[in-house]
Amino acid sequence: MSASSVARLLLSRGRLLPAPTWPWVAPAAGKKGHAGLPELRDHELEEQFVRGSGPGGQATNKTSNCVVLKHLPTGVVVKCHQTRSVEQNRKLAREILRERLDVAYRGEESEVLQGKREAVRRKAEKRRKAAENLERKRLFKEARQRDQE
């Protein structure tokens, strides 16, 4: 069994992959979204340009501006057709692939999952504060009505 087929098997079963062999990007000052994500090497990528699908009619159906990136060591595939520009789609596909590889290799410690957990925590805190404020308003109105009676 080849290394890439073992990696695909592990990814399909939701297990973590062994530590990556490529260098990780050191956290850069001022760049929030790129800290700690793996660096992609061109010789490890297979890139294809295929025709897109979805709304857009003839302009979408005739141009090959959808980018399909495959990371050969792990078998992770990313398809990106968010814009009409091939260059923008290439950049976006590489960013998405970096995030997916980060999740595949680091699991719960990945930057992407940590960011999602933080967003969920902030949202829950916001809801809790809103509920507290509503309760305070209700108690204030009740106290005001008792004072008027």
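Residues whose amide H falls under 5 Å from that of N65, counting only those 5 or more places apart or on a different chain, are G52, with hydrogens built in the peptide plane.
Straight-line cross-link reach from K70 at under 30 Å between alpha-carbon atoms covers these lysines, not counting any fewer than eight positions away in the same chain: K31, K32, K62, K79, K91, K116. The packing ranking of peptides 92-102, 119-129, highest mean first, is 92-102, 119-129, where packing means the average number of other beta carbon atoms within 10 angstrom of each residue. Charge dipole of region 61-144 (Cα centre as origin; +1 on each Lys and Arg Cβ, -1 on each Asp and Glu Cβ, all else neutral): 540 debye, rounded to the nearest 20. Normalised by the number of residues in region 31-125, the mean separation of alpha-carbon contacts (under 8 Å, six or more apart) gives a relative contact order of 22 percent. Measuring r between the beta carbons of T83 and E39 and using R0 = 30 Å, the FRET efficiency lands at 0.80.
Taking amide H positions as modeled 1.01 Å from N, with prolines and chain starts lacking one, the residues under 5 Å from L37 and 5 or more places away or on another chain are V25. Per-atom-type breakdown for region 94-149 gives carbon and sulfur 51% of the accessible area (1.4 Å probe, protein chains only).
The values are calculated or read from the model by the stated rules, or taken from the named source; none is laboratory data. Note that the structure is a prediction, hence the values are computed from the model and not measured. In this analysis, Cβ positions are derived from the backbone assuming ideal geometry, glycine residues included, and neighbour counts consider all displayed protein chains. The accessibility values were calculated without ligands, DNA or RNA, using every heavy atom of the protein model including side chains. Shrake-Rupley method; radii C 1.70, N 1.55, O 1.52, S 1.80 Å.
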